[in-house]
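Structure record follows, encoded as structure tokens.
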Amino acid sequence: MRMMNTMDTKPTASAQSRRKTRLFMIGAFLVAAAAFVVISAGGINKNLVYYWTPTDLHAAGDKAYGATIRLGGMVAPKSVRGRTGTSGLEFDVKDATGIVHVKSSGVPPQMFRENIGVVVEGTMTRSGYFQCNRLMVSHSNEYRAPKSGHKMSKDELQKLMRTTDGLKD
């Protein structure tokens with residue numbers, strides 16, 4: 001009787017390639033899982049800034065004090081105190097049902113005025129006002145062309161190019 005040659009037990013090239021790919025995928029998964037655990041346990045929540053309305057801020061109670069918050073709403077009519085364009089500004093931010101008094105020490109944006117949407121970043125104080133560190137206005141990016149037939153002198157045009165005086169809401 002004649003014996004047949006048995007095949008070598010060495011894996012083929014394709015089997016080695018599959019094994020390397022499988023090991024790489026397992027390693028990548030373990031690295032991703034470890035990164036997720038580190039981020040989750042590392043307190044990423046401390047770096048989040050929440051966006052609240054005045055109603056949300058009042059409903060939060062003690063959670064609102066000391067936390068960095070972005071408060072969004074409209075500047076209440078006849079609430080702006082202090083000169084726009086200078087530091088030391090106070091105003092009220094309102095939504096449908098709530099109002100929050102805001103104190104800002106920075107210079108407001110040029111477009112800041114009553115009845116404009118704002119987002120203020122800062123903290124709620126135990127004294128009952130919101131201390132603003134950053135004031136941003138919300139505005140439309142739509143261009144409104146002058147009314148047809150409106151003639152403008154060269155002096156008026158240059159004045160408008162230098163300032164926002166004369167712009168209608």
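The values are calculated or read from the model by the stated rules, or taken from the named source; none is laboratory data. Fair warning: this is a prediction, and the values are worked out from it, not measured in the lab. No Cβ is skipped: glycine too gets one built from the backbone with ideal geometry, and neighbour counts run over all protein chains shown.
Restricting to the range 100-115, name every residue that is farther than 16 Å from residue 81 by Cβ and either at pLDDT 90 or above or surrounded by 12 or more Cβ atoms within 10 Å (Cβ to Cβ) (or both).
109, 111
So that you can scan it fast, the table gives a plain yes or no per residue for (1) under 17 Å from residue 82 (Cα atoms); (2) modelled with pLDDT of 70 or more; (3) hydrophobic (A, V, I, L, M, F, W, C):
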| site | (1), (2), (3) |
| --- | --- |
| 98 | no, yes, no |
| 123 | no, yes, no |
| 129 | yes, yes, no |
| 134 | yes, yes, no |
| 139 | no, no, no |
| 147 | no, no, no |
| 159 | no, no, no |
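Pairs needed: first member in the range 108-131, more than 12 Å from residue 91 (Cα to Cα) and without any contact (Cβ under 8 Å) to a residue 40 or more places away in the chain; second member anywhere, of a type outside the set (Asp, Glu) and not in a loop (DSSP other than H, G, I, E, B); C-beta distance under 6 Å; at least 6 residues apart or different chains.
If the second residue must be of a type outside the set (Asp, Glu) and not in a loop (DSSP other than H, G, I, E, B), the pairs left are 109/137.
For residues that are exposed (fewer than 10 other Cβ atoms within 10 Å of the Cβ) and modelled with pLDDT of 80 or more, tally how many sit in the range 39-75.
The number of residues fulfilling the criteria is 2.
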